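Following: one structure in structure tokens, then a few remarks.
The values are calculated or read from the model by the stated rules, or taken from the named source; none is laboratory data. Quick caveat, the model's predicted, so the values are computed rather than measured. Positions of Cβ are generated from backbone atoms using ideal geometry, with glycine treated the same way; all protein chains shown enter the neighbour counts.
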Amino acid sequence: MAKTTNVFARVEPEVKEQAERVLADLGISMSVAINLYLRQIVIQRGIPFEVKLPVAKPLALSARSDEELDAEIQRTKQNES
């Protein structure tokens, strides 16, 4: 067995539980998932997905009308194209 080391991270309990459920469905442990993530950082020499700041601080969904939400979805789709 390969030599291993421990990694300690503080995460929100709800996020951890949700991630564990997804990983269980995939049939992999949290340790395997973290190992995969760290290996991808090494292979790609950076974070393996885009990290960027949001354009604007979003309002609470309940504070927006259906029309405002639809317009925001359309703006997002146009910005992604």
Count of residues meeting criterion [within 30 Å of Leu38 (Cβ to Cβ) and either modelled with pLDDT of 85 or more or assigned to a helix (DSSP H, G or I) (or both)] in the range 50-65: 3
Selection within the range 26-46 - assigned to a loop (DSSP other than H, G, I, E, B), within 29 Å of Asn79 (Cα to Cα) and of a type outside the set (Gly, Ala, Ser): Arg45
Residue under evaluation Val7, criteria (1) assigned to a helix (DSSP H, G or I); (2) surrounded by fewer than 10 Cβ atoms within 10 Å (Cβ to Cβ); (3) in contact (Cβ under 8 Å) with a residue 12 or more places away in the chain, criterion not met: (1)
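This table checks each residue for (1) loosely packed, with under 12 Cβ neighbours inside 10 Å; (2) part of a helix (DSSP H, G or I).
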position	(1), (2)
Ala19	no, yes
Ala24	yes, yes
Pro48	no, no
Glu67	yes, yes
Where Leu69 falls short, out of the listed (1) under 30 Å from Lys3 (Cβ atoms); (2) modelled with pLDDT under 85: (1)
